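Everything below concerns the one structure shown next.
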């Protein structure tokens, strides 16, 4: 019995199966390209989150000048 990983040949075309196999085989350039892209995107997302500050909500403040 399979482990439930991968893609099914019943629901995917042969080209889709080949693409999946290439991206999960360390001997294939597509594997390394996908891995580098994931690392680049992860570092980009971490950098964006580092400097993301919540906007202050001043709607609850009472302003004496507004009267």
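All of the numbers you see were taken from the coordinates with simple rules; none came from a lab. Because the structure is a prediction, the values reported are computed rather than measured. Neighbour counts are summed over all protein chains in view; Cβ atoms, including those assigned to glycine, are modelled from backbone coordinates with ideal geometry.
Of note:
- Protection-proxy order for peptides 24-33, 6-15, each taking the mean of Cβ atoms within 10 Å per residue, highest first: 24-33, 6-15
- Computed label-point distance, nm, for sites residue 16 and residue 35 using a 7 Å Cα→Cβ extension: 2.6 nm
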